[in-house]
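Colleague: Before we start, here is the structure in question, set down as structure tokens.
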Amino acid sequence: MPFADRLRALRHAAGLTAQQLADAAGTTRTYIHELEQGRRTNPSWGLVCALARALQCCPGDFVEEHNPCQ
């Protein structure tokens, strides 16, 4: 599953709006939408970590071949 789809699925599972996720991760709603739509494909590692914290998951959860964090 591509990063965009994983991000969207994790956000929906967390019950967050794009704005809530953006606020928690220190970015903009527009950037979250661009990531989820696949228009931005190379977020910084720092942003991936911030998204993971906001979504209460591991950064590796955005990677296709990843064993979930324990």
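Colleague: For residues that are open to solvent by 70 Å² or more (accessible area, probe 1.4 Å) and of a type outside the set (S, T, N, Q), scanning just region 1-23, find the one that is nearest to the chain's Cα centre (by Cα).
Modeller: R8
Colleague: Something else about it: Basic (K, R), in contact with a Leu (Cβ under 8 Å, 6 or more places away or on another chain) and at pLDDT 95 or above - does that describe any residue in region 34-44? Outline the logic, then answer.
Modeller: Our first condition is that a residue be basic (K, R); within region 34-44, this holds for 39-40.
Filter once more, keeping what is in contact with a Leu (Cβ under 8 Å, 6 or more places away or on another chain): none.
No, region 34-44 contains no residue that is basic (K, R), in contact with a Leu (Cβ under 8 Å, 6 or more places away or on another chain) and at pLDDT 95 or above.
Colleague: A further question on this structure: Identify the single condition in (1) within 9 Å of the chain's Cα centre (by Cα); (2) open to solvent by 50 Å² or more (accessible area, probe 1.4 Å) that L55 does not satisfy, given that it satisfies every other one.
Modeller: (2)
Colleague: Among the residues of region 24-33 satisfying the criterion of being surrounded by 15 or more Cβ atoms within 10 Å (Cβ to Cβ) and hydroxyl-bearing (S, T, Y), which is nearest to L7 (Cα to Cα)?
Modeller: If we take residues in region 24-33 being surrounded by 15 or more Cβ atoms within 10 Å (Cβ to Cβ) and hydroxyl-bearing (S, T, Y), then Y31 is nearest to L7 (Cα to Cα).
Colleague: Those residues that are open to solvent by 30 Å² or more (accessible area, probe 1.4 Å) and on the phi < 0 side of the Ramachandran plot, I need them from region 34-48; list them, please. Walk me through how you get there before you give the answer.
Modeller: Within region 34-48, the subset open to solvent by 30 Å² or more (accessible area, probe 1.4 Å) is 34, 37-42, 44-46.
Passing the criteria: E34, Q37, R39, R40, T41, N42, S44, W45, G46.
Colleague: Cβ-Cβ distance below 7 Å, separation of 6 or more or different chains: which pairs start in region 32-56 with a residue that is part of a loop (DSSP other than H, G, I, E, B) and end on one that is open to solvent by 70 Å² or more (accessible area, probe 1.4 Å) and of a type outside the set (G, A, S)?
Modeller: Going by the 7 Å Cβ cut-off, the qualifying pairs are G38/P2.
The values are calculated or read from the model by the stated rules, or taken from the named source; none is laboratory data. The structure presented is a predicted model; accordingly, all values stated were derived computationally and were not measured. Reconstructed Cβ throughout: ideal geometry from the backbone, glycine too, with neighbour counts over all protein chains shown. These accessible areas exclude ligands, DNA and RNA; they are computed on the full protein's heavy atoms, side chains included. Shrake-Rupley method; radii C 1.70, N 1.55, O 1.52, S 1.80 Å.
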